[in-house]
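Accompanying notes for the structure given below.
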Amino acid sequence: MQKSPFSRYLESTIRTDAFKKNKIAFVSGPRQVGKTTLAKSLLSSAENYFSYDQETFRRAWAKYPDKSLELRAPGPIILDEIHKDRNWKRKLKGIYDHNPHAGPYVVNGSARLDIFRRGSDSLLGRYLPYRLHPISVGEKSLAPGPDQLLENLVKPAFAFKDLLSLGGFPEPLFAGVQSDALRWSRLRLERLVQEDTRDLLMVSDLNAFRNLIELLPERVGSPLSINSLKEDVGKAYATVRSWYHVLEALYYCFSIKPYHKK
């Protein structure tokens, strides 16, 4: 099994698509899928990486967005997790409109970025959206065209058995230890429930909601019974039904799927 990181398929696409068209690249995807690593691979200078989780940058961004990027070097600029700021779209629009050729810009974020960007058309025409998926059997550094799809299946980049037991997220896949992958999966699920789901769905009982998430994989291939689920979760029928429909709608965005437990 391949142990070292490699170039993800979006790297060349962003360079030849968003950068050449002078558009802001919005990169969303599941938590810990490798968005920050991908963004840093696009940098010409490490000084151009700005994260909203860095206190110094966060304070500067809150008061003077333009000045927060004054120390940048030539080349692409990475703005990581800025969607945590309530007014990030308005600030980014101002920076881009004032000097659109200062970038190119890459905005990184979790699945919430994919949802939040749809809430306003203030950035319409200024960005191109991209989604980074977990690693697949046929992943290459270049996105395959129709003629290369079958070739990728014949010469897989990663063994199917590794992806089945370890998952397609870089950290557990490259580590190659199934017990570590299961622990990583549990910790990731905790963060999904405690942070992303809470912020978007306003779920009042997170423990019950997590129980629902953990119960669903056991019912794959069987008739779904909300009545049975409500008994196990300990919530009203209407509540469990609404949570289930929300999970259906957000499955693509969050990739909520605990690893298979033998």
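Rule-based calculations on the coordinates, nothing more; no lab input. The structure displayed is predicted, hence computed values, not measured ones. Cβ: placed from backbone, ideal geometry, glycine included. Neighbour counts: every protein chain shown.
Listed from fewest to most Cβ neighbours within 10 Å, the set 20, 84 follows the order 20, 84. Ranked for footprinting exposure by Cβ neighbours inside 10 Å, fewest first, 245, 133 give 245, 133.
Around residue 95, with a cut-off of 13 angstrom between Cβ atoms, what is the net charge of the other residues, counting Lys and Arg +1 and Asp and Glu -1? Walk me through the intermediate numbers first.
Details: positive: 67, 72, 89, 90, 91, 93, 126; negative: 66, 70, 85, 97.
With Lys, Arg at +1 and Asp, Glu at -1, the neighbours total +3.
For segment 1-69, the alpha carbon positions stretch 46, 30, 23 Å along the principal axes, listed from largest to smallest.
Assuming 0.36 nm per residue, please report the length gained on full extension of the stretch residue 64 to residue 207 beyond their Cα-Cα distance.
On the way: separation 143, 0.36 × 143 = 51.48 nm, distance 3.98 nm.
The residue 64-residue 207 span can extend by a further 47.5 nm.
Can you give the FRET efficiency for residue 133 and residue 41, using 1/(1 + (r/R0)^6), R0 = 25 Å, r = Cβ-Cβ distance, to the nearest 0.05? Can you show the working numbers first?
Numbers: r = 16 Å, r/R0 = 0.66.
Once the sixth-power term is evaluated, E becomes 0.95.
In order along segment 161-173, the phi-based Karplus estimate (6.51 cos²θ - 1.76 cosθ + 1.60, θ = phi - 60°) of 3J(HN,Hα) comes to 5, 5, 5, 5, 8, 10, x, x, 8, x, 4, x, 5 Hz; Gly and Pro are listed as x.
Going through the cross-link list 67/91; 21/91; 35/84; 21/84; 20/89; 67/93, which pairs have a Cα-Cα distance over 19 Å in this structure?
Flagged as over cut-off: 21/91; 21/84; 20/89.
Footprinting exposure proxy ranking of 220, 177, 27, fewest other C-beta atoms within 10 angstrom first, gives 220, 177, 27. Residues whose amide H comes within less than 5 Å of that of residue 77, counting only those at least five positions distant or on another chain, are 105, 106 (H built at 1.01 Å from N in the peptide plane). Close amide H pairs (under 5 Å, H built 1.01 Å from N) link residue 158 with 139, residues at least 5 positions away or on another chain.
Using a cut-off of 13 Å between beta-carbons, work out the net charge of the residues near residue 17 (Lys and Arg +1, Asp and Glu -1, residue 17 not included).
Working: positive: 15, 20, 21, 23; negative: 11.
So the surrounding residues net to +3.
Taken along the Cα-to-beta-carbon direction at a fixed 7 Å, the label points for residue 7 and residue 73 span 2.0 nm.
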